[in-house]
Amino acid sequence: MKNLTSGNDDSRATLVRIGILVAIACMVATVVWLGARTRADDSGGLDTTGGDNSSQTVENASVEQVAPDTAPADGVVIPTGDDQVDGYPTGFPATDLGAVALQVELAKAQLGFDYDQAVTVARLYANPEDKAVFEERSRAAVALRRQQAGVAKEGDVPAPASYAVTPVAYTLEELDTGYYSVNLLSYVTLTTADGQVKDSLYAGTQLMRWLDGDWRLVQGSEADIEHLVSEGQPQAVAPGTPGFEKAGWIRINGAPQ
């Protein structure tokens, strides 16, 4: 696990760096497109399944550091929540891997094209003081995915348009006690309205704080975000490649390779 002073400024010319603040699963992001195919070629593709918070009170003493410093051969088992709200996991453990677990659930909840569902997730997982920010970002993310899929900005989405995210690896940076930057690497499959299937690797960063007995998605201060951008976050690199290990990614146990 990195600390605040350890930087990783690795970059690859083949990667596309995107500086956007619109997606609930993205603060600092990189995307690598793996290619496009038609629905008929589906069997040949990836195996995918579907403000400034510095003044807030943090339950520092209750957060335990359990994430490994080096990647185990079989990957890290990410914990699950011990409760649910409207079918979404909550009650993540008071450990650094609990912060990763929240980022994983955020990614898995990105079903694609439903504005109401995206806002529900934002309201559930965001710090109350930051909910409006993440609601806006979630709506913008849905609008972007609808555009990418070639469907109308509003209304029903026709088959076969779909969007699927599968988290495969993470990195973790402690910014303060009970306050982490979580980077998540995921396989993404976007199917357009005309049946074209676009596979990509997506790396996104979010800030998590331990607040009121659970992990919360927080906006973070401008200084926090500037630090992460200037430091350079891990790039979207395929598992099993030299760049994957060099970037410091730690594989999630059970994730496709």
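Just so you know, all these numbers are worked out from the coordinates, no wet-lab data involved. The model shown is predicted, which means the values in this text are computed figures rather than measured ones. FYI the Cβ positions are ideal-geometry reconstructions off the backbone, even for glycines, and counts take in every protein chain you see.
Couple of notes before you dig in:
- Extended-chain gain in nm, criterion 0.36 nm per residue less alpha-carbon gap, Ala94 and Glu136: 12.3 nm
- Here the calculated FRET efficiency for Thr177 and Asp156, from their Cβ-Cβ distance with R0 = 45 Å, stands at 0.45, rounded to the nearest 0.05.
- Magnitude of the charge dipole, the stretch 134-257, Cβ model with Lys/Arg +1 and Asp/Glu -1, debye to 20: 500
- Ratio Rg/Rh, restricted to the stretch 138-211 and using Cα atoms, in which Rh is the Kirkwood radius: 1.11
- Separation of the Thr241 and Asp69 label points, Cα + 7 Å toward Cβ, nm: 2.8
- Within the shell of other residues whose beta carbon sits under 13 angstrom from the beta carbon of Asp83, the net charge comes to -4, with Lys and Arg scored +1 and Asp and Glu -1.
- Summing charges over neighbours of Ala118, with a neighbour being any other residue whose Cβ is under 15 Å away from its Cβ, gives +1 when K and R count +1 and D and E count -1.
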